[in-house]
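Sharing a structure here in structure tokens format.
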Amino acid sequence: KFFNWYQYEHHHVGLGLMTPADVHGGYAEVITERRAEVLRNAYENHPERFVRKVPIPPTLNNEVWINRPTEEEMKEGS
């Protein structure tokens, strides 16, 4: 139950508020584009709600770790 929730339902901050299944399934780019479109439309329809500029969706980090290995552990794994 937990792993299903974690993989398919929990939106991780480190993954740009996407699920691991979204990212590993190759959907990250499409999801980010759709979010950007929704935010642009919201800005165009109600610019008074956005103080500075058109909002942008969160970005996907290049690396995400639960327990990042040390440099030594990473060299050993190569």
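Can you find a residue that is assigned to a helix (DSSP H, G or I) and either without any contact (Cβ under 8 Å) to a residue 40 or more places away in the chain or aromatic (Phe, Trp, Tyr) (or both) anywhere in the stretch 55-63?
No.
Right, something else. Do you know which residues across the stretch 20-56 are over 17 Å from HIS10 (Cα atoms) and of a type in the set (Phe, Trp, Tyr)?
The answer is TYR43, PHE50.
Okay, residues lined up against (1) touching a helix residue (DSSP H, G or I) at 6+ places or on another chain (Cβ under 9 Å); (2) assigned to a helix (DSSP H, G or I); (3) not charged (D, E, K, R):
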| position | (1), (2), (3) |
| --- | --- |
| VAL23 | yes, yes, yes |
| ASN41 | no, yes, yes |
| GLU44 | no, yes, no |
| GLU73 | no, yes, no |
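What pairs come up if the first residue lies in the stretch 27-38 and is open to solvent by 100 Å² or more (accessible area, probe 1.4 Å) and of a type outside the set (D, E, K, R), the second is at pLDDT 95 or above and assigned to a helix (DSSP H, G or I), and their beta carbons are under 6 Å apart, counting only those six or more places apart or on different chains?
Every condition considered, no pair remains.
Shifting gears a bit: Here are some conditions: (1) open to solvent by less than 100 Å² (accessible area, probe 1.4 Å); (2) closer than 21 Å to TRP5 by Cβ. PHE50 meets all but one. Which one does it not meet?
Here PHE50 clears every test but (2).
With the requirement that a residue be closer than 14 Å to VAL64 by Cα, hydrophobic (A, V, I, L, M, F, W, C) and in a helix (DSSP H, G or I), what does the stretch 3-20 give you?
VAL13, LEU15
The values are calculated or read from the model by the stated rules, or taken from the named source; none is laboratory data. Small disclaimer: the values here were computed from a predicted structure and weren't measured. A quick note on method: Cβ atoms are made from the backbone with ideal geometry, for glycine too, and the neighbour counts reach across all protein chains shown. Heads up: the accessible areas ignore ligands, DNA and RNA and are worked out on the full protein's heavy atoms, side chains in. Shrake-Rupley method; radii C 1.70, N 1.55, O 1.52, S 1.80 Å.
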